[in-house]
Amino acid sequence: MAESRWVLPETGGPVAYRAGQAISRTAFRGDLAAARRALAGLDPGQATHRPCFALSEPDACRFAVWLLAGWSLGLTVVLPGDDLPVTREALPMPWVGAGDAENALVSWAGGEGEKEDPGIDHDHPGVMSYTSGSTGKPSLIEKSPSQLRAEAEMLERSFGGELTPDTRFVASVPHQHMYGLPFFLLWPLAAGRPFVVEKLRYPEDVGRLPPADYVLISAPTFLRHLPDAPRSSGARWRMATSAGSPLAPEVACAAGARLRAPVFEIYGSTETGAVARRRADAPWQPMPGVRLALEEPSSRLRIHSPLLTESERTSGFLSGDLARLDEHGLELLGRADRLVKIGEKRISPEQVERELTRLPEVAEARVLPLPGAQGERIALGAVVILRPEGRQKLAAEKKNRFSARLRACLVGRLDPLAMPRRWRYVEAFPANELGKTTRGDLERLFAPEFPRVEEVPGTSGDGVTLLLKLPADLVWFAGHFPDLPVLPGVVQIDWAAHYGKLYLGFDATASDVSRLKFQNLIRPGDSPRLELLPRRGGSELEFRYTLEDKPCSHGTFVAKKPATTP
Amino acid sequence: MQEDLRHEIKVFIIEALNMEDVTPEDIGDDEPLFGEGLGLDSIDSLELGVGLQKRYGLRISAENEETRRIFASVRALADYVTANRTR
């Protein structure tokens with residue numbers, strides 16, 4: 001039923017911008033015609049049961065051309081997760097796109113196009129993609145052009161009011177995944193809005209955007225660094241979206257303040273498309289046409305959405321997310337299956353535990369996500385009970401060498417994002433009065449012993465000034481004075497020795513300290529400065545802690561081996 | 001000179017990525033930063049890229065192949081910083 005075209009409105013405006021140059025509708029059609037000719041001559045091969053090709057094209061506009069050309073010929077477009085050799089081997093259909101020269105089927109000379117866009121069968125399996133496979137079993141997802149069209153229209157209905165007619169779409173996320181594809185490519189194509197071919201990889205890239213209105217299609221990892229973006233850009237932001245992994249409210253607020261535009265977090269999945277939206281930590285609001293229900297007694301969220309396939313639409317899609325629903329909206333309470341999202345990927349701590357216990361050194365393992373301070377990345381922590389041979393090895397070398405060795409055994413078996421970052425070796429798991437190991441007990445094993453450190457640039461002389469950010473869960477704040485946690489003096493001395501060694505190579509321990517004085521307290525959440533100043537030709541190291549120019553403490557280390565003086 | 005810079009970059013990596021129990025001596029100059037070796041991942045590459053650009057006034061292009069080359073090892077990073085730094 002090749003009835004209608006996919007790109008609908010004839011706005012007269014450009015389809016996209018490449019290197020600041022507008023790509024007109026006519027040029028886009030010329031490319032489309034060239035891609036159709038190239039695909040018509042393609043041998044789909046024997047290996048697959050349906051005519052298809054794999055698309056690997058980093059240029060977003062050409063990707064769109066290949067996609068629409070494929071659809072117009074009734075082909076299924078396979079979207080590989082990457083273009084690694086092993087993926088190419090696993091997908092035996094022809095590969096198309098700039099990924100390799102062999103398959104550069106077309107020279108984009110800007111030839112003649114048809115007057116109208118070619119018709120498309122909206123109900124054929126237009127796209128095949130794999131869910132992020134870090135759970136061990138990636139599943140195949142099919143989407144028809146009409147499903148994707150419905151999502152594009154849903155997005156326009158939900159957010160179109162935030163945009164001006166010539167607002168440009170720009171993305172920091174890949175366009176071939178099931179978030180970037182509808183949000184960054186299909187929404188603007190369907191709504192007759194232009195998109196920017198070049199991706200934003202670093203906040204600096206924002207500075208190179210020519211003056212215009214923009215909408216940013218992004219993810220938490222990028223948004224967190226956005227406050228670093230140069231202010232020189234002429235970009236006027238209308239809004240931003242974030243999806244893929246949870247967006248910390250403080251990151252959302254900082255990014256919103258920097259853009260001077262609303263930041264919408266999107267809840268959705270490859271299977272369901274966009275489900276709900278929210279700002280900062282407000283309750284989630286369902287997208288237009290989406291109806292939510294709770295599955296009892298599990299409290300898993302059931303999603304009724306116009307984006308589902310016909311067969312799914314009768315019963316709705318049962319998600320793996322636990323939720324609460326009330327008159328204010330939706331609250332998400334985590335995954336029913338313990339999956340965590342790291343860097344937009346689904347990671348299963350249980351699978352990491354299974355892989356760890358396969359190692360001859362490991363008896364038992366518990367793996368848990370450790371949220372970073374101030375919206376930093378989530379890292380996996382591993383609490384490990386070793387077998388006797390593991391204990392021997394650990395005793396024989398530095399802890400981090402041993403951990404690196406365990407990690408190296410997991411390379412190739414786990415996604416890099418699923419690798420545990422922090423390791424604790426215990427005799428037994430902590431247990432409460434009922435003999436249960438709670439998540440909180442395990443988390444406490446990872447209470448940080450050191451602050452987060454930033455070097456203050458432009459320090460004069462041979463010294464160094466560090467800005468120390470003290471997390472509230474710092475191990476030193478627990479215990480002693482529960483009502484008035486302070487940073488103990490002995491810890492301040494230890495840190496000074498630690499950072500003196502790290503930054504200046506000065507060898508000293510806390511016992512080498514003299515001329516010590518404590519003046520003011522340092523508390524959780526404080527960000528004191530630590531100045532480290534070599535004295536007496538490097539034979540002594542003076543340290544000073546200050547809090548907004550208020551002195552907190554100071555002292556001097558004398559080097560173990562005094563410098564030889566004549 | 002290069003050795004100082006390599007040490008500086010190691011300290012920077014340790015602090016930027018919040019690596020526990022790791023000292024600069026633990027990181028080999030030619031040890032691969034990704035995969036085996038230090039085991040950094042795609043989020044780390046963004047994290048490091050942002051930090052290094054700020055600190056040394058670098059421009060690291062969005063092109064993946066180049067990024068892979070620059071982040072191959074501490075030695076490769078230090079050489080890239082030396083050739084391209086503006087501060």
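Which pairs do you get when a residue that is touching a residue at least 12 places away in the same chain (Cβ under 8 Å), found in region A:387-399, comes within reach of a residue that is surrounded by 10 or more Cβ atoms within 10 Å (Cβ to Cβ) and among the hydroxyl-bearing types (S, T, Y), reach meaning Cβ atoms under 8 angstrom, with the pair 6+ apart or on two chains?
Within 8 Å, the pairs are A:L394/A:Y425; A:K399/A:Y425.
State whether the residues of region A:394-414 include one that is of a type in the set (A, V, I, L, M) and part of a strand (DSSP E or B). Break it down into steps so the answer makes sense when it comes.
So the first thing to find is which residues in region A:394-414 are of a type in the set (A, V, I, L, M), and the list is A:394-396, A:404, A:406, A:408, A:410-411, A:414.
If we keep only those that are part of a strand (DSSP E or B) as well, we get A:411, A:414.
So far as region A:394-414 goes, yes, one or more of its residues are of a type in the set (A, V, I, L, M) and part of a strand (DSSP E or B).
When you scan region A:281-288, do you find a residue that is more than 18 Å from A:Y179 (Cα to Cα), in contact with a strand residue (DSSP E or B) (Cβ under 7 Å, 6 or more places away or on another chain) and surrounded by fewer than 16 Cβ atoms within 10 Å (Cβ to Cβ), even just one?
Yes, the conditions are met somewhere in region A:281-288.
When you scan region A:398-429, how many residues do you find that are touching a helix residue (DSSP H, G or I) at 6+ places or on another chain (Cβ under 8 Å), more than 9 Å from every other protein chain (Cβ to nearest Cβ) and of a type in the set (D, E, K, R)?
Qualifying residue count, region A:398-429: 2.
Residue-wise test of (1) surrounded by 20 or more Cβ atoms within 10 Å (Cβ to Cβ); (2) within 14 Å of another protein chain (Cβ to nearest Cβ).
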| position | (1), (2) |
| --- | --- |
| A:V196 | yes, yes |
| A:R201 | no, yes |
| A:G207 | no, yes |
| A:T221 | yes, yes |
| A:L226 | yes, yes |
| A:S232 | no, no |
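Could you please let me know if A:G440 is under 30 Å from A:Q492 (Cβ atoms), in the same structural domain as A:L547 (by TED's automatic domain parsing) and out of contact with any Lys or Arg (no Cβ under 8 Å at 6 or more places or on another chain)? Don't jump to the end; show me each part of the working.
Details: under 30 Å from A:Q492 (Cβ atoms): yes; in the same structural domain as A:L547 (by TED's automatic domain parsing): no; out of contact with any Lys or Arg (no Cβ under 8 Å at 6 or more places or on another chain): yes.
It is false that A:G440 is under 30 Å from A:Q492 (Cβ atoms), in the same structural domain as A:L547 (by TED's automatic domain parsing) and out of contact with any Lys or Arg (no Cβ under 8 Å at 6 or more places or on another chain).
Give just the number: which of (1) more than 22 Å from B:N18 (Cβ to Cβ); (2) aliphatic (A, V, I, L, M); (3) touching a residue at least 40 places away in the same chain (Cβ under 8 Å) does A:L468 not satisfy?
The one condition A:L468 does not meet is (1).
Where in region B:20-87 are the helices (runs of 4 or more DSSP H), entirely inside, with at least 3 residues that are within 7 Å of chain A (Cβ to nearest Cβ)?
B:42-56
Enumerate the strands (runs of 3 or more DSSP E) found wholly within region A:301-348, keeping only those where 1 or more residues are more than 30 Å from A:P420 (Cβ to Cβ).
Per the criteria, A:317-326, A:329-335.
Can you go through A:G461, A:G479, A:G440 and tell me which one is more than 14 Å from chain B (Cβ to nearest Cβ), at pLDDT below 85 and in a helix (DSSP H, G or I)?
Details: A:G461 fails: in a helix (DSSP H, G or I); A:G479 fails: in a helix (DSSP H, G or I).
Only one candidate passes the filter, namely A:G440.
Which residue, of A:S319, A:S311, A:S315, A:S299, is in contact (Cβ under 8 Å) with a residue 40 or more places away in the chain and more than 14 Å from A:L155 (Cβ to Cβ)?
The match here is A:S319.
Can you report the number of residues in region A:497-532 which are of a type outside the set (G, A, S), in contact with a helix residue (DSSP H, G or I) (Cβ under 9 Å, 6 or more places away or on another chain) and outside any loop (DSSP other than H, G, I, E, B)?
Looking only at that region, the number is 9.
Every residue, every condition in (1) modelled with pLDDT under 80; (2) within 12 Å of the chain's Cα centre (by Cα); (3) of a type in the set (S, T, N, Q), yes or no:
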{"site": "B:L17", "(1), (2), (3)": "no, yes, no"}
{"site": "B:D29", "(1), (2), (3)": "no, yes, no"}
{"site": "B:G51", "(1), (2), (3)": "no, yes, no"}
{"site": "B:G57", "(1), (2), (3)": "no, no, no"}
{"site": "B:S61", "(1), (2), (3)": "yes, no, yes"}
{"site": "B:R68", "(1), (2), (3)": "yes, yes, no"}
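In region A:387-397, how many residues are closer than 16 Å to B:D21 by Cβ and either within 10 Å of chain B (Cβ to nearest Cβ) or surrounded by 14 or more Cβ atoms within 10 Å (Cβ to Cβ) (or both)?
Final tally of qualifying residues: 2.
Quick check on this structure: which one of A:D494, A:D473 is more than 10 Å from chain B (Cβ to nearest Cβ) and either touching a helix residue (DSSP H, G or I) at 6+ places or on another chain (Cβ under 6 Å) or more than 30 Å from A:Y545 (Cβ to Cβ) (or both)?
It is A:D494.
Scan (1) modelled with pLDDT under 85; (2) away from chain B (no Cβ under 11 Å) for the single condition A:V367 breaks and write down its number.
Failing condition for A:V367: (1).
The values are calculated or read from the model by the stated rules, or taken from the named source; none is laboratory data. Since the model is a prediction, treat every value here as computed from it, not as a measurement. Reconstructed Cβ throughout: ideal geometry from the backbone, glycine too, with neighbour counts over all protein chains shown.
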